[in-house]
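Report on one structure; see the data block that follows.
The values are calculated or read from the model by the stated rules, or taken from the named source; none is laboratory data. Given the structure is predicted, the values throughout are model-derived calculations rather than measurements. Positions of Cβ are generated from backbone atoms using ideal geometry, with glycine treated the same way; all protein chains shown enter the neighbour counts.
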Amino acid sequence: MLGTNIRIEEDLLDQLFNHHEKRLARALLLLARYGMKDEPERLLPKTSRQKLAKLAGITPSNVDFFMRKFKRLGFITNDGGLTINNSLLSVVLHE
């Protein structure tokens, strides 16, 4: 229960202080389980833009825009499934 409360507080702070791009990057990294004990899952199953929008707290059109940007910059690839590259962490960590 404590972990859930911490996660909710982090999400609230994320909504208040981070830009859309960082929130989407964070949502993708959470889906890939970055920061967990196990090795991150670089290949994610197919996820709808509506689900990503809901996770990041942004609109589906913003999801499309930033996903194209992440793909162009090499942070993600979308070949039969979404592959998250380690370099996406730089979006979240960059201030």
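Out of all the residues in the stretch 61-95, which are in a helix (DSSP H, G or I), of a type in the set (A, V, I, L, M) and without any contact (Cβ under 8 Å) to a residue 40 or more places away in the chain? Hits for the stretch 61-95 are Val63, Leu93. For the stretch 17-39, the candidate set comprises residues that are in a loop (DSSP other than H, G, I, E, B) and within 15 Å of Val91 (Cβ to Cβ); within that set, the residue that is modelled with the highest pLDDT is His19. Ile58 fulfils the conditions (1) assigned to a helix (DSSP H, G or I); (2) of a type in the set (A, V, I, L, M); (3) at pLDDT 85 or above except for a single criterion, (1).
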